[in-house]
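Peer 1: This is the structure, below, for whatever I ask next.
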Amino acid sequence: MNGWHVIIANSDLFVRGFFTTVLLLACSAFFSILLSIPFAFALNSNHAVFRIPAKAYTMTIRGFPALIQLFMVYYGLSQFDMIRDSWMWRFFSSALFCTLFVFTLNTVAYTGEILGGALREIPRGELEAGVSIGMSPLRLALSVQIPLMLRKALPQYNNEIVLLLHATALASAVTLLDLTGAAQRISMEHYIMLEPYLCAAAIYFVLTAILMRGFKFAERRWLAYLIK
């Protein structure tokens, strides 16, 4: 049986890996953007009690590889009795939860910086206009700052989501069967190297292309006023 016949015979592994990869990407992106919005405001806060911890967090998370973070959470936390004997062990004993946890926290550090930069680029006149008509700080944030911040951050956020997609390949290091894990399993069980990884690479390429097209559509729709 040649390599491609093996791939066809084990296509169910790639189907399972595909759904795991998409699940990791979608959930990590969803939770990280929810956390990154208030995090961006903390990075730009005039109050040191918010700004300094936020900057320390981004420096810490961005300071070492996501794979090391994943190993520390999945393998490292198990050595602490206070974790194993608490309600938290129900979650941290799960490879899926640990992977989502690390990917979310990691992505928040990068997305928060992207949104924080976009927040600083909002023209001061637009904020002053909101204040002049009596908007409260919360109303100003919800109606003016957050929509403008998200729009301005779209091009850079596109790159972050593509990087997150590629980072999901790390999930196979903690026993999850994602696309890379499926390729690894087929390679080890059938002693073929090229075809499984070429198939996985092709699927990653298609997913990347879909994401980029989706973001380009979003940019044309919501950033049309910036396109000349």
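The values are calculated or read from the model by the stated rules, or taken from the named source; none is laboratory data. Values in this document were obtained by computation on a predicted structure and should not be read as measured data. Cβ coordinates were reconstructed from backbone atoms using ideal geometry, including for glycine residues, and neighbour counts include every protein chain displayed. For the accessible areas, the whole protein counts, side chains as well, though only heavy atoms, and no ligand, DNA or RNA atoms are used. Shrake-Rupley method; radii C 1.70, N 1.55, O 1.52, S 1.80 Å.
Peer 1: Please work out whether the chain counts as rounded, prolate or oblate from its C-alpha gyration tensor, where a ≥ b ≥ c are the square roots of the eigenvalues and a/c under 1.5 means rounded, while otherwise a/b larger than b/c means prolate and anything else oblate?
Peer 2: Details: a/c = 3.16, a/b = 1.57, b/c = 2.01.
Oblate is the answer for the chain, as a/c is 1.5 or above yet b/c matches or exceeds a/b.
Peer 1: Counting only heavy atoms of protein chains, what accessible area per residue, in Å², does the chain have with a probe of 1.4 Å?
Peer 2: Working: 13150 Å² over 228 residues.
Each residue of the chain exposes 58 Å² on average to a 1.4 Å probe.
Peer 1: Let me spell out the model: positive unit charges on the Cβ of Lys and Arg, negative unit charges on the Cβ of Asp and Glu, origin at the Cα centre of segment 166-228. What dipole size does that give, in debye rounded to 20?
Peer 2: Values: 6 positive and 4 negative charges, 114 e Å.
That gives segment 166-228 a dipole magnitude of about 540 debye.
Peer 1: What number, in nm² with one decimal, is the all-direction average of the projected area of the convex hull of the alpha-carbon atoms of segment 116-202?
Peer 2: Result: a mean projected hull area of 8.0 nm².
Peer 1: Same structure again: Where does the charge balance sit around residue 172 when Lys and Arg score +1, Asp and Glu -1, over other residues with C-beta under 13 Å from its C-beta? Walk me through the numbers on the way to the answer.
Peer 2: On the way: positive: 16, 185; negative: 178.
With Lys, Arg at +1 and Asp, Glu at -1, the net is +1.
Peer 1: Take the alpha carbon gyration tensor of segment 3-73, find the square roots of its eigenvalues, order them as a ≥ b ≥ c, and report rounded if a/c is under 1.5; if not, report prolate when a/b exceeds b/c, else oblate. Intermediate values should be presented prior to the final figure.
Peer 2: Numbers: a/c = 5.44, a/b = 2.65, b/c = 2.05.
Judged from the Cα gyration tensor, segment 3-73 comes out prolate (a/c at least 1.5, a/b above b/c).
Peer 1: Okay, moving on. Lys and Arg at +1, Asp and Glu at -1: add these up for the other residues within a Cβ distance under 13 Å of residue 211 and post the number. Present the calculation step by step, with values, prior to reporting the outcome.
Peer 2: On the way: positive: 213, 216; negative: 160, 219.
Once all neighbours under 13 Å are counted, the net charge is 0.
Peer 1: Another question, if that's okay. Helix 146-167 sits at what angle to the longest principal axis of the chain, using alpha carbons and giving 0 to 90 degrees rounded to 10?
Peer 2: Once rounded, the angle reads 20 degrees.
Peer 1: Peptides 84-92, 32-40: what's the order by average Cβ count within 10 Å, highest mean first?
Peer 2: On the way: 84-92: 12.2, 32-40: 20.2.
Ranked by mean Cβ neighbours within 10 Å, highest first: 32-40, 84-92.
Peer 1: Highest mean first, how do 179-190, 64-75, 201-212 rank when packing is the count of other Cβ atoms within 10 Å averaged over residues?
Peer 2: On the way: 179-190: 20.7, 64-75: 15.8, 201-212: 13.8.
Averaged packing, sorted descending, gives the order 179-190, 64-75, 201-212.
Peer 1: For segment 18-61 and segment 173-189, what is the separation of their C-alpha centers, rounded to whole Å?
Peer 2: Cα centroid of segment 18-61 versus Cα centroid of segment 173-189: 29 Å apart.
Peer 1: So what is the relative contact order for segment 1-119, in percent, with contacts set as C-alpha pairs under 8 Å and at least six apart? Could the numbers behind the result be given before it?
Peer 2: Details: 84 pairs, mean separation 48.3, N = 119.
Relative contact order, segment 1-119: 41 percent.
Peer 1: Relative contact order of the chain, please, whole-number percent, based on alpha carbon pairs below 8 angstrom and at least 6 residues apart.
Peer 2: Details: 210 pairs, mean separation 66.1, N = 228.
The value is 29 percent.
Peer 1: Read phi for every residue in segment 104-121 and hand back ³J(HN,Hα) as whole Hz from Karplus 6.51 cos²θ - 1.76 cosθ + 1.60, θ = phi - 60°, with x for Gly and Pro.
Peer 2: Listing the rounded values in order: 5, 5, 5, 5, 4, 4, 7, 5, x, 5, 5, 5, x, x, 5, 5, 5, 8 Hz.
Peer 1: Another question about this same structure. Please report the net charge: other residues with Cβ closer than 15 Å to the Cβ of residue 187, K and R +1, D and E -1. Intermediate values should be presented prior to the final figure.
Peer 2: Numbers: positive: 185; negative: 178, 189, 195.
Surrounding charge for residue 187 is -2.
Peer 1: Measure off, as a whole percent, the carbon and sulfur share of the 1.4 Å-probe accessible area of the chain, all protein chains present.
Peer 2: Working: 8970 of 13150 Å².
Taking all protein chains in place, the chain shows 68 percent carbon and sulfur surface.
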